[in-house]
1. Inside 10 Å of the C-beta atoms of B:62-74, what's the mean count of C-beta atoms belonging to other chains?
2. Before we go on, tell me the buried accessible area for the B/A pair, both chains summed, 1.4 Å probe, in Å² to the nearest 100.
3. Run the simple label-point estimate for A:K62 and B:K232 please: 7 Å along Cα→C-beta, distance reported in nm.
4. Can you sort B:R10, B:R101, A:R228 by solvent-accessible area, 1.4 Å probe, largest first?
5. Could you compute how much accessible surface A:T201 exposes when probed at 1.4 Å, giving the result in Å² to the nearest 10?
6. Just to make sure I understand: if all protein chains stay in place, what is the order of A:V210, B:V113, A:V111, A:V34 by accessible area at 1.4 Å, largest first?
7. Lysines near B:K123 by alpha-carbon distance under 29 Å, same-chain residues fewer than 8 away left out - which ones?
8. Could you calculate the FRET efficiency of B:N176 with A:L33 from 1/(1 + (r/R0)^6), where r is the beta carbon distance between them and R0 is 56 Å, rounded to 0.05?
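The values are calculated or read from the model by the stated rules, or taken from the named source; none is laboratory data. These numbers were taken from a predicted model, which means no experiment stands behind them. Because the Cβ atoms are built from the backbone with ideal geometry, glycine has one as well, and the counts that use them run over all protein chains shown. Please note that ligands, DNA and RNA were not included when accessible areas were found on the heavy atoms of the full protein model with its side chains. Shrake-Rupley method; radii C 1.70, N 1.55, O 1.52, S 1.80 Å.
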Amino acid sequence: MLAILSWSAFSLEDNSTKGLLTLLNIILLTIPLVTILFTTIYIYNSAEFIELLLSQPIQRKKIWVSIFSGLSISFILSFCIGAGIPLLIYAPASVSGIMLLLGILISLVFVSIAFLSSILTRDKAKGIGLSIMLWLYFALLFDGLVLFLLFQLSDYPIEKAMVFITAFSPVDLARILILLHLDVSAMMGYTGAIFKNFFGTSFGFFISMVLLCCWIAIPFWISLIRFRKKDL
Amino acid sequence: MILIEHISKRFNKLQVLNNINLSCNKGECIALIGPNGCGKTTLIKCILGMVIPNEGSIKVNGETISNSFLYRKNIGYMPQIGRYPENMTIGQIFEMIKEIRQSTEPLDENLLVQFQLHQLFDKRMSTLSGGTTQKVSAALAFLFNPNILILDEPTAGLDPLAAEILKEKIIAEKNNGKLILITSHLLSELDDLITQLIFMQDGKIEFHHTINELKKNTGEEKISKAIASILKGKSPQTKSNNAQP
């Protein structure tokens, strides 16, 4: 019902042939930004509409879940159209497949995070600000922190810990997974080898998929609990 | 039909509703009046389950409403400012709400016809004026023949003709034995509509009278004058009433 909304209009126009790496960075930077921003703005703009729906005999949970699925589906569609078609044309199937999958997961993660940030504050400006902060954190700051840690603690064997730390950022998780599939992990040096040992295996792949799903489920679940108790 | 017991609601430190008790029965048309910010809309939202009160319970048709949603089938709600998805047409809105309600009972399209909304069915919500949006809200509230109608400032923004149509509809539904709750600031509009009057202030119910009682006690014919005389009578004792016009 909400999926009819024309989110696909915002699909990423992507005719890049410059290579997968460029595309990867574009996806990992812009997809989160676009999804988190549009989702937050959409939720705030439809506050009155949600109110109208609440006066009808429907469960709150149902409203929230349908908005989530409506937005997710439209983002997935727009991602598939924008990035999927060029990927399938220009890249080998195995790599483009995994890239599409991760792109979809990343979109869902950020829709879910946007739901959380828009339920946390009533004020639209604050909510959008929070969303942008979260995006900045995941897209840029987190990498900076990790780099900082790496340099500070470079005397210690922290490679294993690095694997653990990546679990705290869905973007990095996705990036590493794709890089490994591109066989450029050699560029990442010794840490890269550790990553390959862990994420390269099917077990590691499975774990990281589970982690990404947690990134989707947990923020949305928290927002759902809060929405059920929220005053509108 | 609606039984409200010891409802209290705080938004952070602000006490919006303070231990409200109220019972409303069918066939009544109750006006909820009071200064801005006295908690009228919050009370209505409590009944609709949009705002969850800190204390107390609300029963609609004998059932407590907490964690329930099906009771809203019996309620038609017309919001103060109706906002709808901007890129949907009026027709789509009606279709959607019908789908949500899945009502098997015959629809009451009386208002829809009288407001001539059929002609506007393919207009987008973003192009509508405030008054037309209000008409849509009103038509939606009455569409499913609910037993309880909650109208938040129904005539605000409507042109005199439409307001008159709406008033007639309200009177007709009242005579059909439905419970109608209206909030309004236009006391003169309410004169021939309502049977009971609730005056709220600072989250409390100041008084709850039937109109006949009110008129008898004050000796006034018009509701507005009757209320004015009550407030004047009170103002020496309570300070807060001095702010009243």
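1. Shielding by partners across B:62-74 averages 2.
2. 2000
3. 5.3
4. The ordering from most to least exposed comes out as A:R228, B:R10, B:R101.
5. Answer for A:T201: close to 60 Å² accessible.
6. Heavy-atom accessible area, descending, gives B:V113, A:V210, A:V34, A:V111.
7. Filter leaves A:K62, A:K124, B:K73, B:K98, B:K135, B:K167, B:K169.
8. Calculated value: 0.55.
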